[in-house]
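Visitor: Here's a structure for you.
Since every read-out is calculated from the coordinates, none of them should be taken as a lab result. As the structure is a prediction and not an experimental result, all values here were calculated from the model. Here the Cβ is made from the backbone with ideal geometry for all residues, glycine too, and neighbour counts use every protein chain on show.
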Protein chains: 2
Amino acid sequence: MGGDRGPNAVVAGIARSAKKNPDIAFILHGPKAELSRLVTRRKHLRGRCEIRDATGVVRMEDKPSQVMRHGKDTSMWSALDCVRDGEATVAVSCGNTGALMALSMIRLRKIPGVNRPAIAVLWPSRNPSGFNVMLDVGADVRADEEDLLQYAIMGASYARNGMHLERPRIGLLNVGTEENKGRAELKAAHDLIEQAAPGGGFDFVGFVEGGDIPGDSCDVIVTDGFTGNVAIKTGEGTAKLIGDLLKEAFKFSPLSRIAALLALTSMRRLQKRIDPRRVNGGVFLGLNGTVVKSHGSADATGVAAAVKLAFQLAQQDLTSKIRARVASAAIPEQDAAEETKVAE
Amino acid sequence: MGGDRGPNAVVAGIARSAKKNPDIAFILHGPKAELSRLVTRRKHLRGRCEIRDATGVVRMEDKPSQVMRHGKDTSMWSALDCVRDGEATVAVSCGNTGALMALSMIRLRKIPGVNRPAIAVLWPSRNPSGFNVMLDVGADVRADEEDLLQYAIMGASYARNGMHLERPRIGLLNVGTEENKGRAELKAAHDLIEQAAPGGGFDFVGFVEGGDIPGDSCDVIVTDGFTGNVAIKTGEGTAKLIGDLLKEAFKFSPLSRIAALLALTSMRRLQKRIDPRRVNGGVFLGLNGTVVKSHGSADATGVAAAVKLAFQLAQQDLTSKIRARVASAAIPEQDAAEETKVAE
């Protein structure tokens, strides 16, 4: 219910997913009468969509703390509880990101050993897959070296299961690639991630820079939620500005208008490649259950893309895999602690 | 001497500037024999270019600390001392940014009241001027609330004098526009900048996001050097990726190749609008003397753009104006301190 375009776009999106994927079913959360009306109009949803009545709505301007206290009747709460209770395999929401993360933390709880969950997104890149993973892009504005290590482990799991990369290459975002550069916590994180790489099933390429986010020097970019959030919004804004200037350039003269017509297919191909709707979905990592956050402004195409991503991750059982990876990364430390105990 | 393309690109660039601007003269720093040879070949430089022999070169991989200790014989040191001694009005360098900032700090010294100098760049935006100012983009990886306030004051001076905006609009970069969002130092900086706006000759639009860097909601984006550096490199990388994909798209079919030919003028116009060489030049603010850092990979066009920017800022006497603004912003604090004294 919380998306900018209301439940109509959501139902249109899941209908599209249902048509393409026979192995998918939905539990929709929101005011029953309204949703029933929308669902019955879509033949692909017939018999594959259950509705849970929830009258409250988390609005975009609601503060996470309010929602945590008074949000029990909302569609967001109801959807997360469905995952918590094992009725749903994964939750998808177009709503308020801060509230969704706060509610996910209290309803699903963090995986043992994870201090800060993270939001991971796919970003258009020069890699063969066409994308990179970046995390955290805004779950938390701070991250210390332990958090960054966990982001590396969780990001590697995401790339392995969501992008089918056997041995993802991890980069740590900094302002230079030299090892002596940047903030103290980054130097500490550099060493921790380097040590974890051999046992963690990933390669560590060391420090990377902003230009590597759309590049091909690594598959997963690890950073704190403040920097990650600014980076993706800067990238999105720049891409949009170029797109608009391009449209303007093509309208400039009769000749350029003809050129635009001739270039239509090529331009559509390019647009498809970098269309943010096609990579729609921030994935919450580090919780007991997968949550996919779709853009608030997602249309049917965007919602369907988020559902597709959610389906893939659920099929791979990403949550269990991350739980195992985080646990095994913690073992050396426990061993060390036990050894110390024995030595004492 | 420190640019990626060597002194040839620099001399070609200043020759271009000399041709366009009769009010400009140069003092070149580097190995005299080599530079003389290059300069004599350019007729526009005849009688307008003095050469100072400097045999040492700061290389891209040199550490700032080394250069500060052992860099006395370098062209970079010689160029900065020329500004320090009043022989040159402004220094331009294509060399190692870290070393240039470190040397600028010890040779030119900080303006009284400035804690951390900043590097400001112009960024393509939707504003009428076509650009925004962003600072800091990498002088220092940290900035507290006082630093951010000084960046706002210095950035406003830059926009006023370099872009002729009478009352620049300042935005403080954050992960959301609500006042309760982000890190503690950002909330403190928000209040400091808001208080300084009326007396500082600028408007404060509050928090802005990454998408506002190429946008039109403000003219100056204030942030710490870590975030700023990541943001510009992400933006540059994204723009370059789109440009390359666009080229690919136009090569795809015979039809799109014809389209590319027809669209050539439009595309050139667009390219000119966002060509990073045309906005080449990070400006060091907060020092007793203006220093313009050109891209290391700058060609003649890039060098000429950096020289043009340096000329404009020197003509407006940016350094004196920043000195006055920083001093007047510090006055209320002094007043308050004196009032306290009186009250005691």
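Visitor: For the pair residue B:43 and residue A:68, how long in nm is the line joining their label points, each one 7 Å along Cα→Cβ?
Guide: The modelled label-to-label distance comes out at 7.5 nm.
Visitor: If you count, for every residue in B:301-311, the Cβ atoms of partner chains within 10 Å of its Cβ, what is the mean?
Guide: Per-residue shielding by partner chains comes out at 0.
Visitor: Pick from B:58, B:230, B:39 the residue whose mean-square fluctuation is largest in a GNM of chain B, springs joining Cα atoms under 10 Å.
Guide: Evaluated over chain B, the most mobile residue of the options is B:230.
Visitor: Using only the alpha-carbon atoms of the protein assembly as shown, report the extent along each of the three principal axes, biggest first, to the nearest angstrom.
Guide: 87, 74, 56
Visitor: Which value in deg cm²/dmol, rounded to the nearest 500, describes the helix-derived mean residue ellipticity at 222 nm for chain A, given -39,500 (n - 2.57) per DSSP H run of n ≥ 4 and division by the residue count?
Guide: Calculated at 222 nm, the ellipticity per residue is -17000 deg cm²/dmol.
Visitor: Give me the percent relative contact order of chain B, please, defined on Cα pairs under 8 angstrom at least 6 residues apart.
Guide: This gives 23 percent for chain B.
Visitor: Another question, then. At R0 = 25 Å, how high is the FRET efficiency between residue B:312 and residue B:167 if r is their beta carbon distance? Nearest 0.05 is fine.
Guide: Calculated transfer efficiency: 0.85.
Visitor: Hey, which lysines would be in cross-link range of residue B:63, C-alpha to C-alpha under 19 Å, not counting anything within fewer than 8 residues on its own chain?
Guide: Qualifying lysines at Cα under 19 Å: A:181, A:187, B:72, B:293.
Visitor: For chain B, what class follows from the C-alpha gyration tensor (a ≥ b ≥ c being the square roots of its eigenvalues): rounded when a/c is under 1.5, otherwise prolate if a/b is larger than b/c, else oblate?
Guide: Cα axes put chain B in the oblate bin.
Visitor: Hey, if you put +1 on the Cβ of every Lys and Arg and -1 on every Asp and Glu Cβ in chain B, which of B:58, B:326, B:157 ends up farthest toward the positive end of that dipole?
Guide: The Cα lying farthest towards the positive end belongs to B:58.
Visitor: Check which residues have an amide H placed less than 5 Å from residue A:92's amide H, if you skip close sequence neighbours.
Guide: A:292
Visitor: Please list 3J(HN,Hα) in residue order for the stretch A:111-121, calculated via the Karplus relation 6.51 cos²θ - 1.76 cosθ + 1.60 where θ = phi - 60°; whole Hz, with x for glycine and proline.
Guide: 4, x, x, 9, 8, 10, x, 9, 9, 10, 10
Visitor: Can you spot the lysines whose alpha carbon is less than 23 Å from residue A:251's alpha carbon? Ignore those fewer than 8 places along the same chain.
Guide: Cα-Cα hits under 23 Å: A:240, A:272, B:240, B:247, B:251, B:272.
Visitor: Let me ask another. Please build a GNM for chain A, connecting alpha carbons under 10 Å apart, and tell me which residue among A:302, A:206, A:286 fluctuates the most.
Guide: Looking only at A:302, A:206, A:286, the biggest GNM fluctuation is shown by A:206.
Visitor: Follow-up. 7 Å along Cα→Cβ for the label point: how many nanometres lie between residue B:46 and each equivalent label in the other copies, listed shortest first?
Guide: Label-point separations across copies, in nm and ascending: 9.0.
Visitor: Taking a label point 7 Å from Cα toward Cβ, how far is residue A:65 from its twins in the other copies, in nm, shortest first?
Guide: Distances between equivalent label points, in nm: 4.3.
Visitor: Can I ask one more? Counting only complete DSSP H runs, which helices of chain B cover 30 Å or more along their long axis at the Cα atoms and score a mean Kyte-Doolittle of -1.0 or above?
Guide: B:225-251, B:318-343
Visitor: OK, next. Which one, A:117, A:128, A:214, has the greatest fluctuation when you compute a Gaussian network model over chain A with C-alpha springs under 10 angstrom?
Guide: Among A:117, A:128, A:214, the largest mean-square fluctuation in the Gaussian network model of chain A belongs to A:128.
Visitor: Considering only the label points, 7 Å along Cα→Cβ from Cα, what distances in nm to one decimal separate residue B:240 from the same position in each other copy, shortest first?
Guide: Ordered by increasing distance: 2.4 nm.
Visitor: Could you grab the relative contact order for the stretch B:27-186? Cα pairs under 8 Å, six or more apart, rounded to a whole percent.
Guide: After rounding, I find 14 percent.
Visitor: Under 5 Å between amide H atoms, partner at least 5 residues away or on a different chain: which partners does residue B:207 have, H built in plane at 1.01 Å?
Guide: The answer is B:172.
Visitor: Turning to a different aspect of this structure: Take the alpha-carbon centre of the stretch B:113-128, take the same for the stretch B:214-263, and report the distance between them in whole Å.
Guide: Between the Cα centre of the stretch B:113-128 and that of the stretch B:214-263, the gap is 20 Å.
Visitor: Report the FRET efficiency, 1/(1 + (r/R0)^6), for residue B:321 and residue B:178, where r is their Cβ-Cβ distance and R0 is 30 Å, rounded to 0.05.
Guide: 0.35
Visitor: Classify the stretch A:125-226 as rounded, prolate or oblate, taking a ≥ b ≥ c as the square roots of the eigenvalues of its Cα gyration tensor: rounded when a/c is under 1.5, otherwise prolate if a/b is larger than b/c and oblate if not.
Guide: rounded
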